[in-house]
Amino acid sequence: MSAEDESGPRDRLIHPDVAKPSDEGERGQDGRRLDHAEATTRPIGAEPKIKAAREPQPRGARIRGNRPIDQAEAAERFLAAPLHQKAHDERLWDLRKKRDTAAFGIPEWEELRELASAIKAHTLSNLDRYLEEFEANAKANGVHVHWAADGADHNRIVHGILKDHGAKTLIKSKSMLTEECGFRHYMAGTGIEVIETDLGERIQQLDNEEPSHVVVPAVHKTRFDVAAVFAKTMGTDPENDDAHYLAESQRMHTRPLILEADAGMTGCNFAIAETGTVVTCTNEGNADLSGNVPKLQIHSIGIEKLIPRIEHLGVFLRLLARSALGSPITQYTSHFRALREGSEMHMVLVDNGRSERLGMEEFWTSLKCIRCGACMNTCPVYRRSGGLSYGATYSGPIGLIIDPTFNKRKYSTLPFSSTMNGSCTNVCPVKINIHEQIFAWRKVLAEEHQIPLLKQGMMKAAGQMLSRPAAYRAAIGAADSALRVLPRFAVYNPLNTWGKGREMPDSPRQSFHNWYKQNRMDPAKAAKTEKGGIE
Amino acid sequence: MSAREETLARIRRNRPAGSHPLPDIPDFAPLVGDDLVIEFGERLKRMGGRIGSPEGGDAFASVRERLASAKIIASAVPEIDGNRDLSQVALPKDLADVDVAIVRAVFGVAETGSVLFTEEELKVNSVAYLAQHLVVLLDPANILVNIQAAYRRSDFASAAYAVLHTGPSATADIEGVLIHGAQGVRSLTVILLPRG
């Protein structure tokens, strides 16, 4: 790099090894473009020809207390931001394709999915025993083990540990569990500073937004959005949207905070009962910094993360990164079992509704989820509406079936944000029947009158028509198509999210019933069915 | 009742119906060819790592330039001396100024290009993340065929901290642009060198 390339803030911030602004991604030792971690296989980004064409970032669903989330409304705003929508859609579809390539590279892929699903089913149906085993082993390792009934309990426990040590700052790695517990929001009032150290999660924290994806938290943002957030919060050059500059700025900005932190915290991908080990799968090295630099370390564990033995990691690790990223493994697979010399180690086992969900016959298998995000990447609704449109910690297909267990009213509309194409179920590494559970939730919510009035009315009208063959055929016969017959509001109304951003396909000129009647049926019978007789 | 007792009681009350036996894990055929050294190197490179071999009697030929430009070198191996003694480190954060750290891996994994460290090899765990660059010595005889074989080893049950590194620290959180050195090391170079 020539001296002219380095000017202004880049000079002060940039390490000599940081790539040039023109580099769109790292290359390997043999010169090949690399696409490990969450990298794209080819450059995908929001590239407005002129600066004036840039658009503001569409924001997520409007949260109004306990009122049902209007996902469709937020999705509409996302669709109205074409630069964001296109980059988001392409980026996640690219991840999905990487996943396919990685999965097809393993002949035993389907067998691994079966095994993973069976190991999880076994562990969940013996969860009491495995939790006790985990606890006993962790204690024997010198670890302090805590049990949290719910999110508030978790936050109080962690706050208590921090207070006991006089901690003023906590560095943490990305954890969906702590998002679910609202940990950061709770801590905001305590005088203890929480610093996210994953780049994507830090971007979201600095922008005061929730993560929009379980693996890539800031995937809905363009580099221009990130440049604006960093300029405002870290004083970087607002005109410099080079991803290398932005990532390096965050590194330089965060490192002193890591070095001086009083405590570190991680989430947990897998908790091993036989050894009391917490396993994290990460790419940036920040979970290992959180666990290895401060003298106090805390690991928050959802109780469904238990697996019986170390050897089972041989199944789950081969599935996780391939499903999530299309890579054979993450950069770091870390096994925290016992304390370092001079450190203190705490593990918090969090229930927060999981033990109740275990008793829901149709929905307990959602506890098998390993948070790979594959169902989100493949979902046409998710890709076109963005994770924040769901207004919940978990978005996309897995969110549709988990979120209502936390709050049936607030998340009552979410199970309707699906085309029911079943793609989520097909890519799930632990074989959760996601689309069937989405359908089952619709039934539960309808029976419990959690469905909004408009949707109820629409479904009632459709139900009446569909249950009466004569009325249905009359309607079809009068026009060419059922789609044209259904009132336009029923197809393109705000609740029918998949009528958004596309027109319904043209329907055949003649219905199958009419064709059958003309060509295959004897006239007497035809007259009878015309009157609506049931054969 | 405590949160512990409540959670365990709910789990017992809500136990899913049916029989869910723990399946046996079969031995899967390796995905890699017989030459584990070549397979390991290929996969490591795809994950952003570099591979080096001794040249003309110099084990460190592939990282000589890197070492020459480094001000602070922390060595955890007898094969090379650094100028930062890892046995004299008071706090993990004191290693923040290390340019190059050199450590030996317990083993490598051909399927993924990973190397394993425990607290034994690292001396101070934080050195593997705070250093700007990581140089790893790996005995070619210590390369396992796959992840499944790795998890049959006893290291995970005995070490307080065990970690598989596969290439350097990486992120692509901004528009999918791959960047090495997100928070941890900017590069990871494995040198194939038998144990002394």
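Is it the case that the range A:357-369 has a residue that's under 21 Å from A:Asp94 (Cα atoms) and buried (at least 24 other Cβ atoms within 10 Å of the Cβ)?
No, because not a single residue in the range A:357-369 is under 21 Å from A:Asp94 (Cα atoms) and buried (at least 24 other Cβ atoms within 10 Å of the Cβ).
Residue by residue through the range A:326-349, note down the ones that are more than 24 Å from the chain's Cα centre (by Cα) and without any contact (Cβ under 8 Å) to a residue 60 or more places away in the chain.
Correct list: A:Arg340, A:Glu341, A:Gly342, A:Ser343.
Within the range A:97-110, can you find the residues that are surrounded by fewer than 20 Cβ atoms within 10 Å (Cβ to Cβ) and more than 8 Å from chain B (Cβ to nearest Cβ)?
Hits for the range A:97-110 are A:Lys97, A:Asp100, A:Thr101, A:Ala103, A:Phe104, A:Trp109, A:Glu110.
Among the residues of the range A:135-153, how many are in contact with a helix residue (DSSP H, G or I) (Cβ under 9 Å, 6 or more places away or on another chain), away from chain B (no Cβ under 11 Å) and farther than 23 Å from A:Glu179 by Cβ?
Matching residues across the range A:135-153 total 1.
Taking B:Val145 as the residue in question, decide whether it is among the aliphatic types (A, V, I, L, M) and either closer than 27 Å to A:Arg223 by Cα or buried (at least 24 other Cβ atoms within 10 Å of the Cβ) (or both).
So B:Val145 fails the test.
Consider A:Trp93 carefully, then state whether it is closer than 29 Å to A:Leu306 by Cβ and surrounded by fewer than 20 Cβ atoms within 10 Å (Cβ to Cβ).
When the stated conditions are applied, A:Trp93 does not pass them.
I want to confirm something. Restricting to the range A:311-330 and keeping residues that are of a type in the set (A, V, I, L, M) and at the interface with another protein chain (Cβ under 7 Å from one of its Cβ atoms), which single residue is farthest from A:His165 (Cα to Cα)?
Only one residue tops the list, namely A:Val315.
Of everything in the range A:331-378, what is among the charged types (D, E, K, R) and within 7 Å of chain B (Cβ to nearest Cβ)? Give them in sequence order.
A:Arg337, A:Arg340, A:Asp351, A:Glu356
Touching a residue at least 40 places away in the same chain (Cβ under 8 Å) and over 24 Å from the mean Cα position of the chain (by Cα), is that true of A:Gln250?
Taking the combined requirement at face value, the residue does not satisfy it.
Can you find, within the range B:14-31, the residue that is farthest from A:Met360 (Cα to Cα) among those that are touching a residue at least 40 places away in the same chain (Cβ under 8 Å) and facing chain A (nearest Cβ under 7 Å)?
Checked the range B:14-31; the qualifying residue farthest from A:Met360 (Cα to Cα) is B:Leu31.
Out of everything in the range A:393-446 that is small (Gly, Ala, Ser) and in a helix (DSSP H, G or I), what residue ends up being nearest to A:Val219 (Cα to Cα)?
A:Gly396
For residues that are assigned to a loop (DSSP other than H, G, I, E, B), surrounded by 14 or more Cβ atoms within 10 Å (Cβ to Cβ) and of a type outside the set (A, V, I, L, M), scanning just the range B:32-74, find the one that is nearest to the other protein chains (Cβ to nearest Cβ).
So, considering only residues that are assigned to a loop (DSSP other than H, G, I, E, B), surrounded by 14 or more Cβ atoms within 10 Å (Cβ to Cβ) and of a type outside the set (A, V, I, L, M), the one nearest to the other protein chains (Cβ to nearest Cβ) is B:Gly48.
Scan the range A:280-287 and tell me whether some residue there is in the same structural domain as A:Cys181 (by TED's automatic domain parsing), farther than 21 Å from A:Glu26 by Cβ and in a strand (DSSP E or B).
Yes, the range A:280-287 has at least one match.
To keep it simple, each residue is scored yes or no on (1) assigned to a loop (DSSP other than H, G, I, E, B); (2) under 22 Å from A:Ala287 (Cβ atoms); (3) at pLDDT 95 or above; (4) more than 26 Å from the chain's Cα centre (by Cα).
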position: A:Glu201; (1), (2), (3), (4): no, yes, yes, no
position: A:Gln205; (1), (2), (3), (4): no, yes, yes, no
position: A:Glu209; (1), (2), (3), (4): yes, yes, yes, no
position: A:Val215; (1), (2), (3), (4): yes, yes, yes, no
position: A:Glu239; (1), (2), (3), (4): yes, no, no, yes
position: A:Pro256; (1), (2), (3), (4): no, yes, yes, yes
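Test A:Ser300 against the stated conditions and say whether it is over 26 Å from B:Gly167 (Cβ atoms), modelled with pLDDT of 95 or more and in the same structural domain as A:Tyr130 (by TED's automatic domain parsing).
It is true that A:Ser300 is over 26 Å from B:Gly167 (Cβ atoms), modelled with pLDDT of 95 or more and in the same structural domain as A:Tyr130 (by TED's automatic domain parsing).
If we keep just the residues of the range A:298-321 that are assigned to a helix (DSSP H, G or I) and in contact with a Lys or Arg (Cβ under 8 Å, 6 or more places away or on another chain), which is surrounded by the most Cβ atoms within 10 Å (Cβ to Cβ)?
Applying the filter and picking the extreme gives A:Ile303.
Exactly one condition in (1) surrounded by fewer than 20 Cβ atoms within 10 Å (Cβ to Cβ); (2) farther than 18 Å from B:Leu44 by Cα; (3) in contact (Cβ under 8 Å) with a residue 24 or more places away in the chain is false for B:Asp94; which is it?
Failed condition: (3).
Since A:Ala46 meets every condition but one in (1) away from chain B (no Cβ under 14 Å); (2) modelled with pLDDT under 95; (3) surrounded by 21 or more Cβ atoms within 10 Å (Cβ to Cβ), which condition does it not meet?
(1)
If you go through the range A:50-61 one residue at a time, do you hit one that is of a type in the set (Asp, Glu), without any contact (Cβ under 8 Å) to a residue 40 or more places away in the chain and surrounded by 16 or more Cβ atoms within 10 Å (Cβ to Cβ)?
Yes: the range A:50-61 contains one or more residues that are of a type in the set (Asp, Glu), without any contact (Cβ under 8 Å) to a residue 40 or more places away in the chain and surrounded by 16 or more Cβ atoms within 10 Å (Cβ to Cβ).
Where in the range B:75-155 are there helices (runs of 4 or more DSSP H), lying fully within it, with 1 or more residues that are within 29 Å of A:Glu260 (Cα to Cα)?
Filter on the range B:75-155 gives B:119-122, B:127-130.
Among the residues of the range A:265-275, what is the count of those that are buried (at least 24 other Cβ atoms within 10 Å of the Cβ) and out of contact with any Leu (no Cβ under 8 Å at 6 or more places or on another chain)?
Summing the residues that are buried (at least 24 other Cβ atoms within 10 Å of the Cβ) and out of contact with any Leu (no Cβ under 8 Å at 6 or more places or on another chain) in the range A:265-275 gives 1.
Let me confirm something: among A:Asp237, A:Asp262, which residue is touching a residue at least 60 places away in the same chain (Cβ under 8 Å), touching a helix residue (DSSP H, G or I) at 6+ places or on another chain (Cβ under 6 Å) and surrounded by fewer than 24 Cβ atoms within 10 Å (Cβ to Cβ)?
A:Asp237
Hey, does the range A:262-279 have a residue that's facing chain B (nearest Cβ under 7 Å), of a type outside the set (Phe, Trp, Tyr) and over 30 Å from B:Asp94 (Cα atoms)?
Yes, there is a match, as at least one residue in the range A:262-279 is facing chain B (nearest Cβ under 7 Å), of a type outside the set (Phe, Trp, Tyr) and over 30 Å from B:Asp94 (Cα atoms).
From the list B:Ala150, B:Ala157, B:Ala182, B:Ala162, exactly one residue is closer than 30 Å to A:Trp93 by Cβ and either surrounded by 24 or more Cβ atoms within 10 Å (Cβ to Cβ) or facing another protein chain (nearest Cβ under 7 Å) (or both). Which is it?
Result of the check over B:Ala150, B:Ala157, B:Ala182, B:Ala162: B:Ala182.
Checking B:Lys123 against (1) at negative phi; (2) surrounded by fewer than 24 Cβ atoms within 10 Å (Cβ to Cβ); (3) at pLDDT 95 or above, which test does it fail?
Failing condition for B:Lys123: (1).
Read through the list (1) among the aliphatic types (A, V, I, L, M); (2) buried (at least 17 other Cβ atoms within 10 Å of the Cβ); (3) more than 25 Å from A:Ile195 (Cβ to Cβ), then give the number of the only condition that A:Ala140 fails.
Here A:Ala140 meets the rest and fails (2).
The values are calculated or read from the model by the stated rules, or taken from the named source; none is laboratory data. In this text, all values refer to a predicted model and were calculated from it rather than measured experimentally. Glycine also receives a Cβ, built like all others from the backbone with ideal geometry; neighbour counts cover every protein chain displayed.
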